[in-house]
1. Taking the mean number of other Cβ atoms within 10 Å as a proxy for protection, how do you rank 180-189, 277-286 from highest to lowest?
2. By its C-alpha gyration tensor, with a ≥ b ≥ c as the square roots of the eigenvalues, how is the range 102-279 shaped: rounded for a/c under 1.5, else prolate for a/b larger than b/c, else oblate?
3. Set the Förster radius R0 to 22 Å, insert the Cβ-Cβ distance between residue 276 and residue 83 as r into 1/(1 + (r/R0)^6), and round the FRET efficiency to 0.05.
4. Would you mind putting 240-248, 134-142 in packing order, based on average other-beta-carbon counts within 10 Å, highest first?
5. What's the exposure ranking of 275, 250, going from fewest to most Cβ atoms within 10 Å?
6. As a footprinting exposure proxy, order 224, 42 by other Cβ within 10 Å, with the fewest listed first.
7. Expected output is a single nm value to one decimal: the length gained when fully extending between residue 217 and residue 41, i.e. 0.36 nm times separation in residues minus the C-alpha distance. What is it?
8. Taking R0 as 22 Å, what's the FRET efficiency between residue 150 and residue 232 from their Cβ-Cβ distance, rounded to 0.05?
């Protein structure tokens, strides 16, 4: 059968990540595409339209169902779907908005497998995170230990500043209610940050699992990226909210994260930041992707054509 270009104009390009709203949570609703629009339908049949093409990440909480059409539209629009636990405090699974590129994946893998390049990337992450170069002649394991000590000290200092009783970063994802208030606020805040960082990693064409400081986890690179901005954005606000002991801390944390991401222009900075980290490895960077070509499809046989079955 002949191949023809899809009729009409080429599909519009997705909105750049830096121009999108960072994150939206959906709880207890059905996501579907109705009359061409991405909507959430509640139990009473009320529709709420979501501009999925203008969102970086859509967090789906328990009680949410999503249709095949809605998943397909989100993927075409470049919106990451993430299935999370109640209040967005656990990440169970994530979709793929279609940004992965084989050349970028191979570039990332080469950096991770080259010991010298990987160390340079980790040192750059350290410098971006703390605003100073790391100590010289240190291995990745040694840098990981130095970073861990600094992070624990920063947690303790923020707890003192906000008057929060702090016993250390202790939490069990399977026992959410067993965590104390500061740890619950921190988990909710970092979960929101992980969501938009994963969206940025995928939009840039990289693999969330191929990390440099973090390794062996499905979101290792996401954790690497998020750590660079964690103390600039979500950690201080988590302690600030914990100090007030609100009735619904997770909800307050999510709204505060949304505002903090907007104030810090985080979406505009994430992908350039990722490129800066990886570029420090010193390996050749892949060229920009080629211009998109019109989609080619197989022409459907018409009624009366040989081989058509009614």
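Throughout, read-outs are computed from the coordinates displayed, never taken from laboratory work. It should be emphasised that the depicted structure is a prediction, and the values quoted were computed from it without experimental measurement. Glycine gets a Cβ as well: all are built from the backbone with ideal geometry, and neighbour counts include every protein chain shown.
1. The densest-packed peptide leads the list: 180-189, 277-286.
2. prolate
3. 0.15
4. So the order, starting with the most tightly packed, is 240-248, 134-142.
5. So the residues, fewest neighbours to most, are 275, 250.
6. 42, 224
7. Contour length minus the Cα-Cα distance gives 59.9 nm.
8. Given R0 = 22 Å and the Cβ-Cβ separation, E is 0.95.
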